[in-house]
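Enquirer: Encoded as structure tokens, here's the structure I'll be asking about.
The values are calculated or read from the model by the stated rules, or taken from the named source; none is laboratory data. Note that the structure is predicted; figures quoted are calculated from it, not measured. Glycine also receives a Cβ, built like all others from the backbone with ideal geometry; neighbour counts cover every protein chain displayed.
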Amino acid sequence: MRALRIAASLSLLVSLPFTVSALDLSGQSRTYLQSGQSTDGTRYLPLYEYLSFTAGKTGSDAVSFHFGGWYRYDLQNEQFGSTSTGDLQYAYVTLKKSTGNSALSFGRLWVNEGIASAQLDGAYARTDLKGGFTIAAYGGSPVETDGDTRSGDSVYGGRVSQGLPGIYTIGMSYLQEKNDGKDFRKEEGLDLWVRPLSKLEIMGTSSYNAESKNWMQHQYHAAVGPFAWFRLNLNASKTWYKEYFSAVNTTQSMLMSAFSFTNIDPNEIVTMAGGSIAITIGGPVTVIADYRNYDYQVMNDSATYGGGSVVYAGAGFSAGAALHRMNGPTDDLRYDDQRVYVFKKIAKADITLDFVHVSYEQPVNDVSDAYTGTAAAGYTFSPKARIVADVEYVSNPDVIREVRGMLNFVYNFDAKLGGAAKTAPSAGAAKPGGKKP
Amino acid sequence: MSGTAKTLILGSMAMMIAVILFACATTQSLPAKHPMEVQGMPVCSNCHTDWRTAMDHREDWASRHQFSAAQQKRTCEICHTQAFCADCHANKEELKPSDKYKDAPQRTMPHRGDYLNQHKIDGKLDPASCFPCHGYKNNERCRTCHR
């Protein structure tokens with residue numbers, strides 16, 4: 001209810017500047033009816049509605065309102081402890097300037113600035129400055145899956161960066177979060193993007209636990225071109241579990257027990273190194289080989305994950321196949337997975353077949369293989385409306401032969417309020433069944 | 001001089017410098033929308049020859065988009081609205097992203113197939129990869145077993 005009140009207040013606020021001028025509205029409604037059963041055999045039939053829209057005068061020197069949320073109602077049996085629930089994903093007003101990439105947003109929003117990748121109810125501002133400098137600041141109440149109330153919860157921080165366009169950017173960031181009025185996280189970050197050669201770029205982040213004064217993680221990526229038909233990706237990271245997971249392990253409420261390890265050494269230090277090679281042959285065909293190695297300092301052991309995939313992406317037809325192996329230190333940490341799919345478009349209709357197989361080296365519940373086969377059929381009525389029906393066959397260590405189904409209706413809307421209504425979605429609107437902008 | 005006074009003076013000076021630098025910044029903002037409509041997975045190198053060539057959305061894009069998104073978010077916003085990111089990056093989500101887009105198999109979506117059993121292995125070997133999405137957010141269903 002609180003979220004709805006926030007959304008209503010923001011809607012009212014953003015509508016004020018448009019009472020005398022035209023208002024562009026574009027968005028998408030997605031409705032899902034899912035049929036399946038839980039592991040104890042209970043049938044469920046949840047109906048989901050996802051709604052997202054943007055209203056306002058987009059462009060430079062513009063103010064706009066952005067909304068996204070979903071609601072679920074169980075038509076048969078209760079699925080997740082309540083017949084109905086939902087979530088306000090975001091609802092914020094943004095004011096943008098035509099110069100300096102300056103923007104001020106407030107409401108429920110996401111902040112991605114250096115160390116911060118946070119959802120909050122609050123405000124966020126950023127702008128370019130003279131000399132290649134950029135500053136960003138944010139503050140508010142964090143939106144997290146919290147085991148307690150939001151009373152006394154706060155988060156704030158910012159990032160300062162400096163760079164030369166197309167050459168490099170280096171940034172420093174800070175985040176401080178309180179839970180129930182007590183310190184929860186104090187983190188600092190260093191982020192980097194550098195392009196020393198036209199076909200080489202290096203980027204990544206180092207995060208530092210300002211509470212314990214130790215590094216949490218270094219995570220870096222290098223890409224070597226020429227990119228259009230060949231790419232070499234190199235990845236490396238080092239993670240100190242004690243520091244990286246410290247916030248969820250040392251707080252009063254033990255907020256996330258999945259990361260309060262009982263079967264992993266909480267002092268483990270893991271170094272990951274790996275990469276991938278992607279080669280595009282003649283346009284539609286891409287071949288990718290990938291490999292990762294995990295080195296565990298405390299356990300004094302290692303694991304590898306590697307394999308390859310082939311993808312064909314032509315006009316109206318696409319197909320792919322992938323094969324990977326996870327090779328952990330013990331039998332119970334090893335599996336092979338394979339995937340094959342095809343997609344074919346026939347006029348306004350399209351068909352998808354997708355098959356995933358996982359083979360566990362050590363059987364789980366006396367079952368070694370997990371199969372998931374999906375058949376989906378879609379029909380595009382118009383640029384605005386599309387329907388998809390799918391059937392999924394599942395057999396795995398928890399479920400012996402189950403058939404699930406889902407019906408999905410997508411509707412895009414786009415209108416100019418206070419002016420003539422448009423008949424087709426704009427370039428920025430989502431295409432049914434296609435990529436959403 | 002007390003610590004509070006020093007903090008206030010330094011904060012005020014920093015704000016003044018920021019205001020002066022802001023007033024001097026006259027660079028044009030990036031456009032709100034990409035000037036040309038892009039269909040399907042964009043191959044930036046088809047038109048661009050500068051640093052944007054590295055942002056080609058090829059088949060390996062999903063595994064490396066996090067780095068570009070962290071550094072080039074304003075560039076992402078030219079084509080993508082918040083709704084696009086929210087499909088996977090959410091605080092509370094019940095539908096797997098791959099379940100929402102079964103008619104788009106070419107899109108790399110996390111947790112396809114039997115991930116319930118697979119996550120027990122991936123989670124032990126690389127829990128840090130789970131944490132950005134399930135650490136502080138989107139972990140209600142994790143708690144049903146991890147108590």
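Enquirer: If you scan the range A:92-109, which residues turn out to be under 23 Å from the mean Cα position of the chain (by Cα) and within 9 Å of chain B (Cβ to nearest Cβ)?
Expert: A:Y92, A:A103, A:L109
Enquirer: Please go through the range A:71-91 and pick out each residue that is more than 8 Å from chain B (Cβ to nearest Cβ), within 21 Å of A:F413 (Cα to Cα) and of a type in the set (F, W, Y).
Expert: Scanning the range A:71-91 gives a single hit, A:Y71.
Enquirer: Confirm whether A:E144 is of a type in the set (D, E), assigned to a strand (DSSP E or B) and buried (at least 18 other Cβ atoms within 10 Å of the Cβ).
Expert: So A:E144 fails the test.
Enquirer: Looking at (1) farther than 15 Å from A:N249 by Cβ; (2) within 7 Å of another protein chain (Cβ to nearest Cβ); (3) surrounded by 15 or more Cβ atoms within 10 Å (Cβ to Cβ), which is the only condition B:P132 fails?
Expert: All conditions are met except number (3).
Enquirer: Given the options A:G328, A:G308, name the one that is touching a Leu at 6+ places or on another chain (Cβ under 7 Å), at the interface with another protein chain (Cβ under 10 Å from one of its Cβ atoms) and surrounded by 15 or more Cβ atoms within 10 Å (Cβ to Cβ).
Expert: A:G328
Enquirer: Of all residues being out of contact with any helix residue (DSSP H, G or I) (no Cβ under 6 Å at 6 or more places or on another chain) and at the interface with chain A (Cβ under 7 Å from one of its Cβ atoms) in the range B:105-123, which is surrounded by the fewest Cβ atoms within 10 Å (Cβ to Cβ)? Just the residue, please.
Expert: By that ranking, first place goes to B:L116.
Enquirer: In this structure, is A:E211 buried (at least 18 other Cβ atoms within 10 Å of the Cβ) and of a type outside the set (V, I, T)?
Expert: no
Enquirer: Look through A:R185, A:R108, A:R126 and report the one residue that is assigned to a strand (DSSP E or B), of a type in the set (K, R), surrounded by 21 or more Cβ atoms within 10 Å (Cβ to Cβ) and modelled with pLDDT of 95 or more.
Expert: A:R108
Enquirer: Scan (1) surrounded by fewer than 21 Cβ atoms within 10 Å (Cβ to Cβ); (2) within 17 Å of B:S68 (Cβ to Cβ) for the single condition A:D191 breaks and write down its number.
Expert: Just one mismatch for A:D191, condition (1).
Enquirer: Out of the range A:354-368, which residues are more than 8 Å from chain B (Cβ to nearest Cβ) and either within 21 Å of A:G405 (Cβ to Cβ) or in a loop (DSSP other than H, G, I, E, B) (or both)?
Expert: Correct list: A:F355, A:N365, A:D366.
Enquirer: Give the residue that is farthest from the other protein chains (Cβ to nearest Cβ), with candidates limited to residues of the range A:369-412 that are assigned to a strand (DSSP E or B), over 25 Å from the mean Cα position of the chain (by Cα) and of a type in the set (D, E).
Expert: So, considering only residues that are assigned to a strand (DSSP E or B), over 25 Å from the mean Cα position of the chain (by Cα) and of a type in the set (D, E), the one farthest from the other protein chains (Cβ to nearest Cβ) is A:E402.
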